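Below is one structure, written out as structure tokens; comments come after it.
Nothing in this text is a laboratory measurement; each read-out follows from the coordinates by a stated rule. Fair warning: this is a prediction, and the values are worked out from it, not measured in the lab. Virtual Cβ from ideal backbone geometry, glycine too; neighbours counted across all protein chains shown.
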Amino acid sequence: MEAKIRIKPGTTGGIALSELGRHEAAINSYDQALQCRPANDQAWYNRGIALSELGQHEEAINSFGKALKLKPDDHQAWYNRGNCLGLLERYREAIASYDKALQLNPDNLGVFYKKARCYALQAKSEAAINHLSRALTLAPHTYQKLAATDPAFDRIRQNKAFQSLLIGSFSPEVAEPLDL
């Protein structure tokens, strides 16, 4: 017998629904919260996250934009806006969003990797390698294995500098050897 859970609409209810994977219901909850208080930056941000989870990236970008109009220093909104733009192959805009996220939070390590991906997908090897190098310097265990298998780097995978960078970042603690 399945227990029914009653969740009140609003920002908190939307978060709970998203955590349960019920993103459409979460969006409805955020929409109800926004009807009561349209200037709720957190509801706009969380709505963007839920829309992104459903693959509705354009609408998610709009929600992040509304959150950023209310709270322009929200580095996570800039970062997630960049993620959606990247998924829509709008790489220049994604990079600009990542730059803003990095300006607001220089400790966001993921920004360097995401920028490297955007540059690689545009076959801009030098910029991709420079940003990947930063990511690998800051968190080699996280990004070395990712970069070795990430299809975003396929266009530059044969680049000697790219290969050297990955081999140079290899450490014995990384479980699997590189297959370049």
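In deg cm²/dmol and to the nearest 500, what is the mean residue ellipticity at 222 nm of the chain if only DSSP H runs of at least 4 residues count, each as -39500 (n - 2.57), divided by the residue total?
Estimated from H runs of four or more residues: -21500 deg cm²/dmol.
Using the Kirkwood formula over every pair of different C-alpha atoms, what hydrodynamic radius in Å results for the chain?
By the Kirkwood definition, the hydrodynamic radius is 17.7 Å.
So how strong a dipole does the chain carry about its Cα centre when Lys and Arg Cβ are +1 and Asp and Glu Cβ are -1, to the nearest 20 debye?
Value, rounded to 20: 360 debye.
Please report 17, 88, 146, 68 as a ranked list, fewest other C-beta atoms within 10 angstrom at the top and most at the bottom.
Ordered by Cβ neighbours within 10 Å, fewest first: 88, 146, 68, 17.
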